[in-house]
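The structure appears below as structure tokens.
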Amino acid sequence: MLALLGLLLVIWVVCIVVGIAVKGLFWLLIIGAILFVATAVIGFVKREALGRGKG
């Protein structure tokens, strides 16, 4: 599960970089940033729920 979340984070970072590099794809920057934050939050919450976040 964490590997999938890590893969999604990498994909969202790529979307953000492409959105920054290509001015016409500003929407890709916005979508990539939103999805990156959402995936990171979901991963953090699941990690805390499993009790792995402590030490």
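The values are calculated or read from the model by the stated rules, or taken from the named source; none is laboratory data. Since the structure is predicted, the reported quantities are computational estimates derived from the model, not experimental observations. Because the Cβ atoms are built from the backbone with ideal geometry, glycine has one as well, and the counts that use them run over all protein chains shown. Please note that ligands, DNA and RNA were not included when accessible areas were found on the heavy atoms of the full protein model with its side chains. Shrake-Rupley method; radii C 1.70, N 1.55, O 1.52, S 1.80 Å.
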statement: Result of the Cβ filter at 8 Å on the stretch 7-28, keeping first residues that are free of Cβ contacts under 8 Å to residues at least 60 places away in the same chain and under 22 Å from Gly43 (Cβ atoms) and partners that are surrounded by 11 or more Cβ atoms within 10 Å (Cβ to Cβ) and among the hydroxyl-bearing types (Ser, Thr, Tyr), at least 6 apart or interchain, is Leu8/Thr39; Leu9/Thr39; Trp12/Thr39
- prompt: How many of the residues in the stretch 23-35 are open to solvent by less than 70 Å² (accessible area, probe 1.4 Å) and hydrophobic (A, V, I, L, M, F, W, C)?
  reply: 5
